[in-house]
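Working notes, beginning with the structure itself.
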Ligand SMILES: Nc1ncnc2c1ncn2[C@@H]1O[C@H](COP(=O)(O)OP(=O)(O)O)[C@@H](O)[C@H]1O
Ligand SMILES: [Mg+2]
């Protein structure tokens, strides 16, 4: 298996700065008397400006990885660095600040606050950070880039799924994060709308320089990314770039589609 | 005499026990309504597995019934237990032997049944809304489906509650009226609160935002999200607050009545008793031996059998035998407090001087219809005899079941010398010096002399101490209501865990989350207290009427404005306290939940 992993290090070209770096990441859960190893010694570097998809069978540790990268849970061993900043041994408040300033989250079921308008939802992270005034300008730009200018006064319930996910994406971007962490962002969308949202991610990465880590089990979704890594039993077991000819066959090999 | 006062207060405590029981019923409803909302999803699931609408409805109502039943039983036990404990506590702390507690069982059961019936009626709404849950709701996230038509029914119940609290209830039916009004107002406010929340938030949100920042605004808008459930919590606060104000007005009313009675009738400078019988001619001896004393007037205390018209077996009542000259309007120092159009000082003096006549305490008039000019049957040394009624006066002695007669008739009631002497001191003389002179003049009698101010103070102190217990009970009522709010906030939280976690991923700190929950608690308590004060003012009349009927005294409510102001000012603080535990729980929620983790 290991031999299938193609080394991706590009020698001689300057190494782009890492947005996100996981070193020796391990996480165990105790369930009853049993210990379940969710992640074991995982190494992952996400360079700035990359669109990374994480694939793997159910129970392979994708969610656990996202929790740890999102600073929502603490690892048993190893570390996560965001834009070169170590996060181990930070207080809950410090982690919260990092999440607020450096990370953006996009969820499978959008998770907009139902009694706030789209606009208020988008501004929420900026307001939490006490930067509402500055964020207003960003909001205008984001809204037009994501095509939701007309929807800003609506409540989430008055928006379609695709529109809700665009609002959620705007909310994730309002504080100009280092990385956007997306958990099955198209899981609750029909395939056409899902494609549109994924296209937005792709364009943002290429044109605006976003960095995205997206968990998905949908090979078509994963192909929107620049790079795909495969998880199994808490370890990275392979990866591929999507611009190569072998991308589809690699996915087939690991996911069995 | 003080025993009478305490007996009265005893009756007041019984009313409180009854109201607490009613509150138990409300709490049962609270829990029930919240649990139906809580399990909206579960009900929806039941619908998907093919339970019919009617079956779901029956399931919900059955649960309501069982919970309410449990509420009544627990509430009854709590009420009786509490009253017993208070009786015991008072007996110990006041060093006073109480009559054993008599719970007015019928009225209490009636009151709690009415309360619960009204609550069940309101409980029907959530049950119906549960049954209307669309099967699809199981797969959807349910926030807060407010039952359709609820506000309109709420206004209707409110109107009925207001009508019930201002209706001219008479006698013991007022107790029923109080329970009915309370139940209706509770249900009405619970259902109409969602509509009231919006205007309240318009005022509160800017304040909360100023104090708590964004978290304040979020919490205040969250309170609208769970408007139905919060409505029930507001209702609980309304009942707690309403009871406190209403009962407070009643208690202050009793207090005022006793004070005025004490001020008017406890006149005289020295109150003299002795461990042995007073010798005949004691009054004359005092006049001869103690120049500091100007007037001496004996009082005899008897328990006699009184035969009311409709109770052939009769009742034991207090008979106070006084010296008519003490109540001579021209020369005596004694005073009566007359019930309007039931005689005056001249009539009373004439009646007492003539002998063979009595004055009736107002309780005798309220309970047995004894009025001026009637004749009443009392047992004397030579069998039953009729006495004319020369007037009706306020008297708190003997639980209010009292006649005042003349010492001239003492022989007919077992004879003997007076049990108590009331004396005034000569102009310019010092009461304390007079007391010492008196005790020194009769060493063989071991006289026990109480000065007027001490005598009054003792009666008022007894009253005061009992009121302290009452206040304790009221604090308990507010505490129970706050627990209800805490409970509701906790339930709001369980249905919002996910959202709280999302806020945490967006960068809201633990402290921010705590503030969101606290802001919501403050909204509920401030609105509840506001409405509760209104309810209390509405209820005080009917509660006081009920108390009057139970105790037999004429009490007019005295509005406890200070208490009201304190309650309003303190309500945000209580909201803060009530949200302490749920806020901590919320802050501890792992943000992992946001991503579907457990
Ligand atoms: N909170 C938890 N408690 C116990 N075991 C857990 C918990 N979360 C995840 N696991 C286990 O850890 C492993 C990895 O889970 P997860 O990261 O959710 O995988 P994926 O998202 O790829 O399905 C699985 O075996 C799962 O059962
Ligand atoms: Mg998962």
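Every read-out reported here was derived from the displayed coordinates using simple, explicitly stated rules and does not represent laboratory data. Worth saying up front: this structure is predicted, and the values here are computed from it rather than measured. No Cβ is skipped: glycine too gets one built from the backbone with ideal geometry, and neighbour counts run over all protein chains shown.
Model label points for residue B:285 and residue A:195, set 7 angstrom from Cα along the Cα-to-Cβ axis, are 12.0 nm apart.
What angle, in degrees between 0 and 90 and rounded to the nearest 10, separates the Cα long axis of helix A:118-128 from the longest principal axis of the Cα atoms of chain A? For helix A:118-128, the angle is close to 70 degrees. Extension gain, residue B:430 to residue B:450, is 5.8 nm, computed as 0.36 nm per intervening residue step minus the present C-alpha separation.
Region A:36-66 and region A:202-257 have their alpha-carbon centroids 11 Å apart.
Classify region B:199-254: rounded, prolate or oblate, from the alpha-carbon gyration tensor (a ≥ b ≥ c, eigenvalue square roots; a/c under 1.5 rounded; otherwise prolate if a/b is larger than b/c)? Prolate, because a/c is 1.5 or more and a/b exceeds b/c. How are the Cα pair distances of chain A distributed, in percent, across 10 Å bins from 0? Result, from short to long distances: 7, 30, 36, 21, 6, 0 percent. Between the Cα long axis of helix A:92-102 and the first principal axis of chain A there is an angle of about 80°, rounded to the nearest 10. Can you work out the base-10 log of I(q)/I(0) for region B:392-459 at q = 0.20 1/Å, using the Debye formula on its C-alpha atoms alone? So the normalised log intensities are -1.09.
Ranking of B:368, B:559, B:384 by neighbouring Cβ atoms within 10 Å, starting from the fewest: B:384, B:559, B:368.
Here region B:168-192 and region B:533-575 have alpha carbon centers that stand 14 Å from each other. Here region B:275-446 is treated as a Stokes sphere of Kirkwood radius computed over C-alpha pairs; at 37 °C and 0.692 mPa s its diffusion coefficient rounds to 194 µm²/s. Give the angle, between 0 and 90 degrees and rounded to the nearest 10, that separates the Cα long axis of helix A:191-203 from the longest principal axis of the Cα atoms of chain A. Helix A:191-203 sits at roughly 90 degrees to that axis. Cβ crowding within 10 Å, taken as a proxy for footprinting-reagent exposure, orders B:366, B:419 from fewest neighbours to most as B:419, B:366. With Cα atoms defining each centre, region B:271-348 and region A:75-125 are spaced 84 Å apart in the structure. Over all projection directions, the Cα-based convex hull of region A:90-157 averages an area of 5.3 nm². Each of residue B:584 and residue B:156 was given a label point 7 Å from its Cα along the Cα-to-Cβ line. The distance between the two points is 4.5 nm. Look at A:210, B:261, B:155 and count the other Cβ atoms within 10 Å of each Cβ; fewest to most, that gives B:155, B:261, A:210. In chain A, helices alone account for a calculated mean residue ellipticity at 222 nm of -10000 deg cm²/dmol, with every DSSP H run of four or more residues adding -39,500 (n - 2.57). The label-point distance for residue A:176 and residue B:210, in a model that sets each label 7 Å from Cα toward Cβ, rounds to 3.3 nm. Between residue A:85 and residue B:565, the FRET efficiency from the beta-carbon distance, with R0 = 41 Å, is close to 0.15.
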